[in-house]
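I'd like to ask you about the structure that follows.
Only the coordinates and a few stated rules stand behind these numbers; no lab work does. Just so you know, these numbers come straight off a predicted model, no measurement behind them. For neighbour counting, all protein chains shown are included, and Cβ atoms are generated from backbone atoms with ideal geometry for every residue, glycine included.
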Amino acid sequence: VQLVESGGGLVQAGGSLRLSCAASGRTFSGYAVGWFRQAPGKDREFVAAITWTGDAWSYGESVKGRSTVSRDNTKNTTYLRIGSLKPEDTAVYYCAADDSGTSYTPKTFKADYWGQGTQVTVSS
């Protein structure tokens, strides 16, 4: 499975953006998808994840309440929308796929594939 993120860029604080994660290669069927981010000098952080069927999801504490993760399996694409952006949201955002399909929490999600990342920069 190859994963390609898009939708990053420069955004003003208070704004919103929607990231996309497009899958290709082997069928996307059965994979849970997670979003992670890493800011310079910081550890990688769990942002969100959604099951293969889209019936369960979770969010990291830093984005909870202002983010939505969703997927369209007909397009092999997963989305992450973050609103009320803050400068501390600045990071490289990565999507990942977990072939278990049902893992969606920070503790259970185990990435088998990673995308190359997309930069999000939030200006104050």
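Calculate one ³J(HN,Hα) per residue across the stretch 64-77 by plugging θ = phi - 60° into the Karplus curve 6.51 cos²θ - 1.76 cosθ + 1.60, and present them in order as whole Hz with x for glycine and proline.
Per residue, the Karplus-derived 3J(HN,Hα) values read 4, x, 9, 9, 9, 10, 8, 8, 10, 5, 6, 10, 6, 9 Hz.
In the chain, what % of DSSP beta bridges are antiparallel (nearest 5)?
Percent antiparallel among DSSP bridges in the chain is about 90.
Mind putting a number on the dipole of the chain about its Cα centre? Charges go on the C-beta only, +1 for Lys and Arg and -1 for Asp and Glu, and I need it in Debye to the nearest 20.
160 debye
What are the ³J(HN,Hα) values, in whole Hz, obtained from phi via the Karplus relation 6.51 cos²θ - 1.76 cosθ + 1.60 with θ = phi - 60°, for each residue of the stretch 110-121 in sequence order, with x given for Gly and Pro?
10, 6, 9, 9, 10, x, 8, x, 9, 7, 10, 10
While we're on this one: Return, ordered by residue number, the residues of the stretch 65-89 whose backbone nitrogen is under 12 Å from a label point located 7 Å along Cα→Cβ of residue 39.
Flagged as within label range: 86-89.
Using the 2.2 N^0.38 Å rule of thumb for compact globular proteins, work out how the stretch 23-96 stacks up: its C-alpha Rg over that value, please.
1.13
What's the local net charge at residue 18, with K and R +1, D and E -1, over the other residues with C-beta under 15 Å away?
So the environment of residue 18 carries a net charge of +2.
At R0 = 30 Å, how high is the FRET efficiency between residue 29 and residue 124 if r is their beta carbon distance? Nearest 0.05 is fine.
After rounding, the FRET efficiency stands at 0.10.
Roughly how many nanometres apart are two label points built 7 Å out from the Cα toward the Cβ at residue 61 and residue 112?
Inter-label distance under the simple model: 3.1 nm.
Summing +1 for each Lys or Arg and -1 for each Asp or Glu, what net charge is found among the other residues whose Cβ lies under 12 Å from the Cβ of residue 52?
-2
Also, quick follow-up: In nm, give the distance between the simple-model label positions of residue 100 and residue 6, each being 7 Å from the Cα along the Cα-to-Cβ direction.
3.1 nm
I would also like to ask the following. Measure out, as a whole number of angstrom, how far apart the alpha-carbon centroids of the stretch 46-124 and the stretch 1-34 sit.
Each part reduced to its Cα centre gives a spacing of 8 Å.
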